[in-house]
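Just below is one structure, and these are the notes that go with it.
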Amino acid sequence: MSQVETVREKLSGGRIQGLVIRAHVQWVREYFGDRNLTRVLSALPPHAAIEAKDANDGDWCRFETLVLLSRAIADVCGGREAQIPRELGRYTAHVAIGDRRHALRLEEIHRFCRCSVIRDALLQDRGECTYDELSEFAGRIAIRSSRVLSPIFCLVLAGYYEQIVAAHGGRDVEVLESSCQCAGDAACTLELRWR
């Protein structure tokens with residue numbers, strides 16, 4: 001079992017964009033090679049392995065596939081359980097931003113995050129999401145009433161927003177989860193800080 005203790009987890013009924021799954025697969029291929037990617041896919045149930053292998057950016061994939069894939073990657077590629085999902089999240093943001101990186105500006109972090117959490121909540125069954133600007137260099141993401149839950153996904157999401165803020169020019173970026181629905185809290189809350 002993972003080092004992240006799961007108090008509550010709901011994997012069925014949610015969906016995730018294929019780009020997220022594809023980025024995870026691409027990360028393994030780029031940093032650990034095709035041989036380890038084969039090991040990762042072999043560790044998955046057949047339906048998840050097929051979905052992970054064939055995911056395209058415009059596809060909708062099961063949330064369960066993302067969580068199972070993230071766990072398999074952590075098991076095969078090693079490292080601390082919390083470290084790998086954060087790396088996967090950072091890489092996913094890198095892939096999602098792509099060539100637009102040069103157009104991102106520090107003063108647009110809050111607007112980008114506000115739009116991002118609303119869009120992602122609607123598209124990915126994440127429940128009610130809000131973004132609050134706390135100061136020039138701090139913000140808070142709160143996700144409530146999620147249909148699907150996993151502490152692994154919270155770590156992926158934290159890594160994703162670390163990279164988003166860094167890509168906008170933020171320095172010394174920290175994203176910490178201050179509450180989690182998986183632990184019985186009312187919301188998954190990510191605290192974002194940067195310089």
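The values are calculated or read from the model by the stated rules, or taken from the named source; none is laboratory data. From a predicted model like this one, the values you see are computed outputs, not experimental measurements. Methodologically, a virtual Cβ is constructed for each residue, glycine included, from the backbone with ideal geometry; neighbour enumeration extends over all protein chains shown.
Out of 59, 54, I need the residue that is out of contact with any Asp or Glu (no Cβ under 8 Å at 6 or more places or on another chain), at pLDDT 95 or above and of a type in the set (D, E, K, R). Which one? Please lay out each step first, then the result.
Values: 59 fails: at pLDDT 95 or above.
54 is the lone residue from the list that is out of contact with any Asp or Glu (no Cβ under 8 Å at 6 or more places or on another chain), at pLDDT 95 or above and of a type in the set (D, E, K, R).
So is residue 185 part of a strand (DSSP E or B) and without any contact (Cβ under 8 Å) to a residue 12 or more places away in the chain or not?
Values: part of a strand (DSSP E or B): no; without any contact (Cβ under 8 Å) to a residue 12 or more places away in the chain: yes.
Against the criterion (part of a strand (DSSP E or B) and without any contact (Cβ under 8 Å) to a residue 12 or more places away in the chain), residue 185 does not qualify.
Please note which helices (runs of 4 or more DSSP H) are completely contained in the range 27-144 and include at least 1 residues that are free of Cβ contacts under 8 Å to residues at least 12 places away in the same chain.
Working: elements: 46-54, 63-77, 83-97, 109-124.
Correct list: 46-54, 83-97, 109-124.
Scanning the range 102-128 for residues that are modelled with pLDDT under 90 and crowded, with 17+ Cβ neighbours inside 10 Å, which turns out farthest from residue 23 (Cα to Cα)?
Across the range 102-128, the extreme among qualifying residues is 127.
Could you tell me whether residue 79 is outside the structural domain of residue 152 (by TED's automatic domain parsing), surrounded by fewer than 17 Cβ atoms within 10 Å (Cβ to Cβ) and out of contact with any strand residue (DSSP E or B) (no Cβ under 8 Å at 6 or more places or on another chain)? Lay out the reasoning, then the answer.
Working: outside the structural domain of residue 152 (by TED's automatic domain parsing): yes; surrounded by fewer than 17 Cβ atoms within 10 Å (Cβ to Cβ): yes; out of contact with any strand residue (DSSP E or B) (no Cβ under 8 Å at 6 or more places or on another chain): yes.
Yes; evaluated as a whole, the condition is true for this residue.
Take the range 149-194 and flag every residue that is buried (at least 23 other Cβ atoms within 10 Å of the Cβ), β-branched (Val, Ile, Thr) and within 16 Å of residue 120 (Cα to Cα).
Within the range 149-194, 156, 164 meet the criteria.
Within the range 91-101, is even one residue more than 17 Å from residue 167 (Cα to Cα) and either at pLDDT below 90 or charged (D, E, K, R) (or both)? Write out each step before concluding.
Pass one, the range 91-101, residues more than 17 Å from residue 167 (Cα to Cα): none.
There is no residue in the range 91-101 that is more than 17 Å from residue 167 (Cα to Cα) and either at pLDDT below 90 or charged (D, E, K, R) (or both).
Is the range 4-21 home to any residue that is touching an Asp or Glu at 6+ places or on another chain (Cβ under 8 Å), farther than 13 Å from residue 70 by Cβ, part of a helix (DSSP H, G or I) and modelled with pLDDT of 90 or more?
yes
Which residues, counting only those in the range 151-187, are within 20 Å of residue 14 (Cα to Cα) and touching a Lys or Arg at 6+ places or on another chain (Cβ under 8 Å)?
152, 155, 156, 158, 160, 181, 182, 183, 184, 186, 187
Which one of the conditions (1) in contact with a Phe, Trp or Tyr (Cβ under 6 Å, 6 or more places away or on another chain); (2) closer than 20 Å to residue 55 by Cβ does residue 117 fail to meet, given that it meets all the rest?
(2)
Would you check if residue 32 is at pLDDT 95 or above and surrounded by 13 or more Cβ atoms within 10 Å (Cβ to Cβ)? Before you say what the answer is, go through the steps one by one.
Details: at pLDDT 95 or above: yes; surrounded by 13 or more Cβ atoms within 10 Å (Cβ to Cβ): yes.
Answer is yes for this residue.
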